[in-house]
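Peer 1: Right, I'll just put the structure down here and ask away after.
The values are calculated or read from the model by the stated rules, or taken from the named source; none is laboratory data. Please read these numbers as outputs of a predicted model, since none were measured by experiment. Cβ sites come from the backbone with ideal geometry, for glycine too, and all protein chains shown count toward neighbours.
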Amino acid sequence: MLTFEEEFYKDNLLLIAGCDEAGRGPVAGPLVVASCILPANFNDELINDSKKLTAKNREKAYELIIKNAIDFSIIIISVEEIDKDNNIYQTTKKAMMKAFSTLKIIPDLYLTDAMPLDDINNKKVISIIKGDSRAKNIAAASILAKVTRDRIMDELDKKYPEYKFIKNKGYLTKDHINALKNCGYIINIHRKSYAPIKNM
């Protein structure tokens, strides 16, 4: 149940921003981080942990969030920036701070999915384990991030069909490993700081 925010709504903290990412683990493609503020009274069964939704329902939920959100922000971090930092945890942390800071509205409270952050705008940041299954604003952010990244990977699949990005989304699946072996080369959207790419 996505009820984490309810106790704060009762205390009149009505503007709550959630933040989540998509793409920390893959060896190819960007990292996408999103933040979102949904109305306190907005609830829909489609708003859930993005991993628990089908691709079709994620797309529906994405449009629903865009239409109903009080505010949202989507940040795309390039492969070049990921490789430059060479620390995906810190890269994600910086991206979450940016996603929150680019909101047009300053919320009453910030929530992240298992990412500790310093207070922002003198407002508290709460890091929640499995937050995308417990807080609707984090769940909404997870959907925005996941759909955005999947769309990017689907477009990259058209350019590089041999890597089957439409299926693996840049994760190191068996077909991705086979493509790397069969093609004999890595491409510009592979993360050079990630094993086994860095050794190829």
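Peer 1: Any residue at all in region 136-159 that's buried (at least 18 other Cβ atoms within 10 Å of the Cβ) and in a loop (DSSP other than H, G, I, E, B)?
Peer 2: Checked against the condition, which is being buried (at least 18 other Cβ atoms within 10 Å of the Cβ) and in a loop (DSSP other than H, G, I, E, B), region 136-159 yields no hits at all.
Peer 1: Under the condition of being at pLDDT below 95 and of a type in the set (D, E, K, R), which residue from region 45-82 is farthest from Lys146 (Cα to Cα)?
Peer 2: Among those residues, the one meeting the criterion is Glu45.
Peer 1: Now, a different point. Could you tell me how many of the residues in region 164-177 are within 22 Å of the chain's Cα centre (by Cα) and part of a helix (DSSP H, G or I)?
Peer 2: 5
Peer 1: Quick check on my filter: what residues within region 121-135 are buried (at least 18 other Cβ atoms within 10 Å of the Cβ) and not in a loop (DSSP other than H, G, I, E, B)?
Peer 2: Residues of region 121-135 buried (at least 18 other Cβ atoms within 10 Å of the Cβ): 125, 131-135.
Correct list: Val125, Gly131, Asp132, Ser133.
Peer 1: May I ask you to verify whether Leu111 is outside any helix (DSSP H, G or I) and modelled with pLDDT of 95 or more?
Peer 2: Yes, satisfied.
Peer 1: Taking region 20-45 as the region of interest, how many residues are within 27 Å of Asp157 (Cα to Cα) and of a type outside the set (Ser, Thr, Tyr)?
Peer 2: So the count comes out to 15.
Peer 1: While we're here: Just to be sure I understand, how many residues within region 11-38 are out of contact with any Leu (no Cβ under 8 Å at 6 or more places or on another chain), outside any strand (DSSP E or B) and farther than 17 Å from Ser193 by Cβ?
Peer 2: 4
Peer 1: Please enumerate the residues belonging to region 57-74 that are among the aliphatic types (A, V, I, L, M) and outside any helix (DSSP H, G or I).
Peer 2: Within region 57-74, the subset among the aliphatic types (A, V, I, L, M) is 61, 64-66, 69-70, 74.
Ala69, Ile70, Ile74, listed by residue number.
Peer 1: Moving on to the next point. Under 6 Å between Cβ atoms, at least 6 apart or on separate chains: pull out the pairs that start in region 110-130 with a residue that is over 15 Å from Ala99 (Cβ atoms) and end on any residue that is of a type in the set (Lys, Arg).
Peer 2: Once the first residue is over 15 Å from Ala99 (Cβ atoms) and sits in region 110-130, its partners that are of a type in the set (Lys, Arg) give Ile128/Arg134.
Peer 1: Could you tell me which of the residues Lys104, Lys51 is of a type in the set (Lys, Arg) and free of Cβ contacts under 8 Å to residues at least 60 places away in the same chain?
Peer 2: Just a single option satisfies the conditions, and that option is Lys104.
Peer 1: Look at region 39-56 and say how many of its residues are more than 16 Å from Leu109 (Cα to Cα) and either in contact with a helix residue (DSSP H, G or I) (Cβ under 8 Å, 6 or more places away or on another chain) or assigned to a strand (DSSP E or B) (or both).
Peer 2: 12
Peer 1: Is at least one residue of region 85-99 more than 30 Å from Thr3 (Cα to Cα) and in a loop (DSSP other than H, G, I, E, B)?
Peer 2: Taking every residue of region 85-99 in turn, at least one turns out to be more than 30 Å from Thr3 (Cα to Cα) and in a loop (DSSP other than H, G, I, E, B).
Peer 1: Of the numbered conditions (1) over 23 Å from the mean Cα position of the chain (by Cα); (2) assigned to a loop (DSSP other than H, G, I, E, B); (3) not small (Gly, Ala, Ser), Lys181 satisfies every one except a single condition; which is it?
Peer 2: The one condition Lys181 does not meet is (2).
Peer 1: Let me ask another. Please find, within region 160-186, the residue that is nearest to Gly23 (Cα to Cα) out of those that are among the aliphatic types (A, V, I, L, M) and buried (at least 16 other Cβ atoms within 10 Å of the Cβ).
Peer 2: Taking the candidates together, the pick is Leu172.
Peer 1: With respect to Ala95, is the statement that it is under 13 Å from the mean Cα position of the chain (by Cα) and of a type in the set (Gly, Ala, Ser) true?
Peer 2: Here the answer is yes, as Ala95 does meet what is asked.
Peer 1: Let me ask another. Within region 184-200, can you find the residues that are among the polar types (S, T, N, Q) and not in a helix (DSSP H, G or I)?
Peer 2: Asn188, Ser193
Peer 1: Would a scan of region 35-42 turn up a residue that is of a type outside the set (Val, Ile, Thr), surrounded by fewer than 19 Cβ atoms within 10 Å (Cβ to Cβ), at positive phi and at pLDDT 95 or above?
Peer 2: No.
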